[in-house]
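> Next up is a structure, given as C-alpha cells.
Throughout, read-outs are computed from the coordinates displayed, never taken from laboratory work. Computed from a predicted structure; not experimentally measured. Reconstructed Cβ throughout: ideal geometry from the backbone, glycine too, with neighbour counts over all protein chains shown.
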Amino acid sequence: MGEAVLAGLLRAGWQPTEVRVHERDGQRMAVVAAGHGVSAAGLDEVSDVDVVVLAVKPGQLPAVLGRLSPLLVSRPGPVVVSIAAGVPTRTVEAALPDGVPVVRVMPNTPALVGAGVSVLSPGRNAGEDHLAAAERVMSAVGSTHRVPEELQDAVTAVSGSGPAYVFYLVDAMAEAGALLGLDRGTARELAVGTVLGAARLLAETGRHPVELREQVSSPAGTTMAALRVLDQRAVRAALLDAITAARDRSTELGEPGGVG
Ligand SMILES: NC(=O)c1ccc[n+]([C@@H]2O[C@H](COP(=O)([O-])OP(=O)(O)OC[C@H]3O[C@@H](n4cnc5c(N)ncnc54)[C@H](OP(=O)(O)O)[C@@H]3O)[C@@H](O)[C@H]2O)c1
C-alpha cells in the first residue's frame, strides 16, 4: 500500500525530490527507491518532512512509533498519517510526543491502480492544514473523504472491504455466464467490463442508482425478471446484514488486544 501511494504521488506530478521512502529492510528500501527514482531515507530525516505516511501492518506499528517518537519532539513537525487498518488515532498519539498531529486514513486496494477511496479522520491535534496535507498525499491514489473517527468502522465495512463484495459479484456473474454457455474468459471480461462501465456511469452522471437501474428495466423485461429473483432471495437484505457484520468485526478488532 505504501508503494502504491509512492507510485501515485509520482504519477500525480510530485517531483522525485519531494518524496522519500524508508523500509526496515535496507536492501528492499534501495530496490523500492531506485525502482521509483526517489531517495531512500534514514528515519532520522523524518523531522525534515511535511507528511509521514505510516504504511506498516497494524502489528508493526508500535515498533515503528517507538523509533519515531524521539525524532518528533520539535514543533512544528510533520503530520503523521497512519493507514494501519483499525488503529485509533489515540493509540498513535499516545506513542508519540504530546501535540504531534495524527490523521488516520482508511484506503482501499483500488489505490493500487490510482482508483482508491481514502477516508480520513483527524486525531485530536490535527487541524485543517494537517488534514489538507494528508488529503494532498492520499488524493494521488484516488478520491478522498472525511468522517469523524467513530465512523471509521462503518467506512471499513463499506469501502475498505467493499472491493471484495464487487469481486464476489463479478465472480458470480462470470460463473453464471459460463453456466449459460459462454466461455469462461469471455464471461469474466463481460462481467468486469460491465461493473467498470456501470461504476463510471454512476460516477460520471452523478445519477441515483435507482434511476439508472430503472432505465435498464423495461416493464416485464429481462432485467426485471432478474431483479425479481434478487428480491425474492433477499439479496439486498443480505448485503445490509453483511456490511453490518463487517462493521461489527472491525469494531471488535479495534478493541484492546483485538488488532494483531
Ligand atoms: N492492503 C490493503 O488493502 C489495505 C487497505 C487498507 C489499509 N491497509 C493498511 O495498510 C498497511 C500496509 O498494508 P500492506 O498490505 O501494504 O502491508 P505490507 O505489504 O506488509 O507492507 C508493509 C511494509 O512496511 C515494512 N515495514 C514493516 N515494519 C517496518 C519498520 N519497522 N520500519 C520500516 N518499514 C517497515 C514492511 O517490510 P517487511 O516486508 O520487511 O515486513 C513492508 O514493506 C496496513 O496497516 C494495512 O492495515 C491496507
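> When only residues in segment 57-83 that are touching a Ser or Thr at 6+ places or on another chain (Cβ under 9 Å) and part of a loop (DSSP other than H, G, I, E, B) count, which is nearest to the ligand (Cβ to nearest atom)?
Looking at residues that are touching a Ser or Thr at 6+ places or on another chain (Cβ under 9 Å) and part of a loop (DSSP other than H, G, I, E, B), I get ILE83.
> Right, here's the next one. State all residues of segment 141-181 that are farther than 21 Å from VAL195 by Cβ, among the acidic types (Asp, Glu) and surrounded by fewer than 13 Cβ atoms within 10 Å (Cβ to Cβ); if no residue qualifies, say none.
Across segment 141-181, the qualifying residue is only GLU150.
> Does GLY162 meet the test of being within 16 Å of the ligand (Cβ to nearest atom) and either in contact (Cβ under 8 Å) with a residue 24 or more places away in the chain or of a type outside the set (Ser, Thr, Tyr) (or both)? First the steps, then the outcome.
Values: within 16 Å of the ligand (Cβ to nearest atom): yes; either in contact (Cβ under 8 Å) with a residue 24 or more places away in the chain or of a type outside the set (Ser, Thr, Tyr) (or both): yes.
Criteria met by GLY162.
> When you go through (1) more than 30 Å from THR89 (Cβ to Cβ); (2) in contact (Cβ under 8 Å) with a residue 40 or more places away in the chain; (3) among the small types (Gly, Ala, Ser) one by one for ALA198, which number turns out not to apply?
Unmet condition: (2).
> Right, PRO101: more than 15 Å from the ligand (Cβ to nearest atom), in contact with a His (Cβ under 7 Å, 6 or more places away or on another chain) and over 20 Å from THR251 (Cβ atoms) or not? Step through it out loud before you land on a result.
Numbers: more than 15 Å from the ligand (Cβ to nearest atom): yes; in contact with a His (Cβ under 7 Å, 6 or more places away or on another chain): yes; over 20 Å from THR251 (Cβ atoms): yes.
The answer is yes for PRO101.
> Give the residues of segment 86-121 that are under 10 Å from the mean Cα position of the chain (by Cα), assigned to a loop (DSSP other than H, G, I, E, B) and surrounded by fewer than 20 Cβ atoms within 10 Å (Cβ to Cβ), sorted by residue number.
Within segment 86-121, just ALA115 meets the criteria.
> Would you confirm, using the coordinates I've provided, whether LEU54 is within 19 Å of LEU6 (Cα to Cα), touching an Asp or Glu at 6+ places or on another chain (Cβ under 7 Å), within 14 Å of the ligand (Cβ to nearest atom) and not β-branched (Val, Ile, Thr)? Spell out the reasoning first.
Values: within 19 Å of LEU6 (Cα to Cα): yes; touching an Asp or Glu at 6+ places or on another chain (Cβ under 7 Å): no; within 14 Å of the ligand (Cβ to nearest atom): yes; not β-branched (Val, Ile, Thr): yes.
For LEU54, the condition - within 19 Å of LEU6 (Cα to Cα), touching an Asp or Glu at 6+ places or on another chain (Cβ under 7 Å), within 14 Å of the ligand (Cβ to nearest atom) and not β-branched (Val, Ile, Thr) - is not met.
> Considering only segment 182-198, state which residues are small (Gly, Ala, Ser) and surrounded by fewer than 13 Cβ atoms within 10 Å (Cβ to Cβ).
GLY185, GLY193, GLY197
> How many of the residues making up segment 162-188 are under 25 Å from the mean Cα position of the chain (by Cα) and acidic (Asp, Glu)?
1
> Could you list all residues from segment 2-19 that are within 16 Å of the ligand (Cβ to nearest atom) and either surrounded by fewer than 19 Cβ atoms within 10 Å (Cβ to Cβ) or in a helix (DSSP H, G or I) (or both)?
Initial filter on segment 2-19 (within 16 Å of the ligand (Cβ to nearest atom)): 2-9, 19.
Once the filter is applied, which keeps residues that are within 16 Å of the ligand (Cβ to nearest atom) and either surrounded by fewer than 19 Cβ atoms within 10 Å (Cβ to Cβ) or in a helix (DSSP H, G or I) (or both), segment 2-19 yields GLY2, GLU3, ALA4, VAL5, LEU6, ALA7, GLY8, LEU9.
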